[in-house]
1. Please determine whether any residue of segment 172-181 is open to solvent by 80 Å² or more (accessible area, probe 1.4 Å) and within 16 Å of the ligand (Cβ to nearest atom).
2. Considering only segment 30-84, state which residues are in contact with a strand residue (DSSP E or B) (Cβ under 9 Å, 6 or more places away or on another chain), among the aliphatic types (A, V, I, L, M) and away from the ligand (no atom under 16 Å from the Cβ).
3. Can residue 99 be described as farther than 24 Å from residue 198 by Cβ, of a type in the set (Gly, Ala, Ser) and either within 16 Å of the ligand (Cβ to nearest atom) or surrounded by 18 or more Cβ atoms within 10 Å (Cβ to Cβ) (or both)?
4. Pairs under 7 Å by beta carbon, first residue within 15 Å of residue 183 (Cα to Cα) in segment 12-32, partner within 11 Å of the ligand (Cβ to nearest atom) and open to solvent by 50 Å² or more (accessible area, probe 1.4 Å), six or more apart or different chains?
5. For residue 168, work out the one condition from (1) farther than 25 Å from residue 203 by Cβ; (2) touching a helix residue (DSSP H, G or I) at 6+ places or on another chain (Cβ under 9 Å); (3) modelled with pLDDT of 95 or more it doesn't fulfil.
6. Please count how many residues of segment 121-139 are surrounded by fewer than 24 Cβ atoms within 10 Å (Cβ to Cβ), within 13 Å of the ligand (Cβ to nearest atom) and not hydroxyl-bearing (Ser, Thr, Tyr).
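The values are calculated or read from the model by the stated rules, or taken from the named source; none is laboratory data. The structure presented is a predicted model; accordingly, all values stated were derived computationally and were not measured. Every residue, glycine among them, receives a Cβ derived from its backbone with ideal geometry; neighbour counts consider all protein chains shown. Each accessible area value is taken on the protein alone, full model and side chains, heavy atoms only, with ligands, DNA and RNA left out. Shrake-Rupley method; radii C 1.70, N 1.55, O 1.52, S 1.80 Å.
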Amino acid sequence: MSTFKKMVIAIDGYSACGKSTTAKEVARILGYRYIDSGAMYRAVTLYFLDNHVSLSNPRDITKALSQIHISFKVNSKGISETYLNNLNVEKEIRKMRISEKVSPVSAIKDVRVAMVEQQRRMGKEKAIVMDGRDIGTVVFPNAELKFFMTADMVVRAIRRQKELLENDRLVDLDEVIENIAQRDKIDTTRKESPLRQAADAIVIDTTHITVDEQVDEVVRQAVSKALKPS
Ligand code: DC
C-alpha cells in the first residue's frame, strides 16, 4: 500500500500519444492503481461486435450493457489486464478490428453513462492514475492533477504501428494514420463528453520526448502537488 498522498491523476489526450504507457509507469512508481478507461470502451466494442449488437438499436444496447462486466486484474508480471465477463481480452481489444469500431461505440450516451459510473466507483479510494478522453473534464473534474497529452500525427502512427506489429499484424502506415485521424475526429466532435483539454490541465507534447521524460514530468508534478499543503 502506498504511503504517498492519495490523489486522482487524470491523463487525457488524443489517440496514440503515449497516455497508457505513461500512466502505467507513473502508477507503478507512485504505488497507485492504473485504470485504462479506453480499455473499457474497447471491451464494450468487442462484446458488441461478437454479439452482433446493433448501434442503432437502443434496446439492444441497454440489454447488452446489462450483460457486460469489465474488470482489471494484475498479472504475474505486475501488468494490469482487461477482463470481459471474467475472460482475459487484453490482447483482443488492442487489435485493429476493435480500433476501427471503438469511437462510434464510445460516442453512445448509454455506453458512456455505464462506463463513467464504473470509473467513478474505481476511483473512490483515490490513489489512481486513469487515462482516457474525458477523465479530467467529466469523470473526475476535481482530480488533483490533470494532464493533456498530444503529439505529431506521424510520430503517433509510427508508435502505434510498432505496437500493432507486436500484438496483431503489420498494418500499413497510411491505414494507421487514417484510423487515428478518424478516431480523433469522432472523439473531439461527438455530442457526449467530447475530448477537450480541461482548463487546469498541464499539456505534454510527446513528439520529441522519450517515455522516461514523459513519466518524469508527471511524477515530478505529482510529488510537487503532494508536498503542497492542501
Ligand atoms: O485510449 P484508447 O485509444 O484505447 O481508447 C479507445 C477509444 O475509446 C477512443 O478512441 C475513444 C474512447 N474513449 C473515450 O471515449 N473515453 C475515454 N475516457 C477513453 C476512451
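1. yes
2. 30, 74
3. Spelling it out, residue 99 is indeed farther than 24 Å from residue 198 by Cβ, of a type in the set (Gly, Ala, Ser) and either within 16 Å of the ligand (Cβ to nearest atom) or surrounded by 18 or more Cβ atoms within 10 Å (Cβ to Cβ) (or both).
4. 16/160
5. With (1) farther than 25 Å from residue 203 by Cβ; (2) touching a helix residue (DSSP H, G or I) at 6+ places or on another chain (Cβ under 9 Å); (3) modelled with pLDDT of 95 or more applied to residue 168, the lone miss is (3).
6. Number satisfying all stated conditions: 3.
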